[in-house]
Amino acid sequence: MTSHEIHDPTTVRRQYADEGNLQTRLSVWQPAADGRDPSTVALEAIVAAAPSRALEVGCGTGAFAERVAARIPGLDLVAIDQSERLVELTAARGVTAHVADTQSLPFPDDSFDVVAAMWMLYHVPDLHQGLAEVRRVLRPGGTFVAVTNGDEHVGELRRSAGGPPAITHFSSENGADALSRHFGDLRRDDLRTRAVFPDHAAAVAYLHSSQEPVDWDLPPFDGSREYAGHVTVFVAR
């Protein structure tokens, strides 16, 4: 998948018209060998910031926002997504959710103590416009938590099936450079997660879930199979 394809608005809208493709991908991921998983690392960074008001951009089904709300009682939490269906699912979890675009956030300056972006910045067509908007709505000293994948994320699986690596404009490799244009303080935590597929059909379904224009041809295999993931949690201020 090229950078253009992963943030092409038509491709993104089709991929996230409902929760099916997202759930297919989420279902296979397991923590790193040391037991850590990126969502929990991101959650702990948010808790450490002790926010009173927080925003998640690109909230998906709302599962992460629900975890944040449960860990920080009384938090004023807002979530946005471009998919009406995903906003509906997020609202059903009791989280205030709106259809909105990260490139044009419908909030005043200095509105939030924390903004979170979980595996979504590589979908934003104008990345730096999106990051500028995040910086604008963060209060002085606020925290931005962004999670993304590396170029070699399930790279072995993709190559085995005849596809290219997923090179994006916000990745483990280039994310720090992008964030440093908008934030002065940056730290990162790199994790090697694991995609565990119970069978060949599950691996094929995973590949097709991104709806890329690739003629996937994964050689058959028996039993389960595991592939390495490469994920980075960035915390910027």
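The figures follow:
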item: Residue 202-residue 33 FRET efficiency (beta carbon distance; Förster radius 22 Å; 0.05 resolution); result: 0.55
item: Approximate spin-label separation residue 221-residue 48, in nm, with each point projected 7 Å along Cα-to-Cβ; result: 3.5 nm
item: The chain: antiparallel DSSP beta bridges as a percent of all, rounded to 5; result: 50 percent
item: More than 31 Å apart - percent of Cα-Cα pairs taken over the chain; result: 18 percent
item: The range 211-237 residues near the modelled residue 110 label - backbone nitrogen below 13 Å, point 7 Å along Cα→Cβ; result: none
item: Within a Gaussian network of the chain (alpha carbon springs, distance under 10 Å), most fluctuating of 184, 94, 155; result: 184
item: For the range 3-236: relative contact order, % (alpha-carbon pairs under 8 angstrom, 6 or more apart); result: 23 percent
item: Label zone at residue 173, where the point sits 7 Å out along the Cα-to-Cβ direction: the range 202-233 residues whose backbone N lies under 16 Å; result: 229-232
item: Chymotrypsin sites (Phe, Trp or Tyr not before Pro) lying in DSSP loop within the range 205-237, provided at most 13 other Cβ fall within 10 Å; result: 221
item: Of 122, 134, 104, farthest towards positive along the dipole that unit charges on Lys, Arg, Asp, Glu beta carbons give the range 3-236; result: 134
item: Per-pair calculated FRET efficiency, R0 = 25 Å: residue 91 and residue 136 via Cβ, rounded to 0.05; result: 0.50
item: Per-bin percent of Cα-Cα distances, the range 128-237 [5 Å]; result: 2, 11, 19, 19, 14, 11, 10, 8, 4, 2, 0
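Where a number appears in this text, it was derived from the coordinates with a stated rule and is not lab data. This structure is a prediction, so every number in the text was calculated from the model and none was measured. Positions of Cβ are generated from backbone atoms using ideal geometry, with glycine treated the same way; all protein chains shown enter the neighbour counts.
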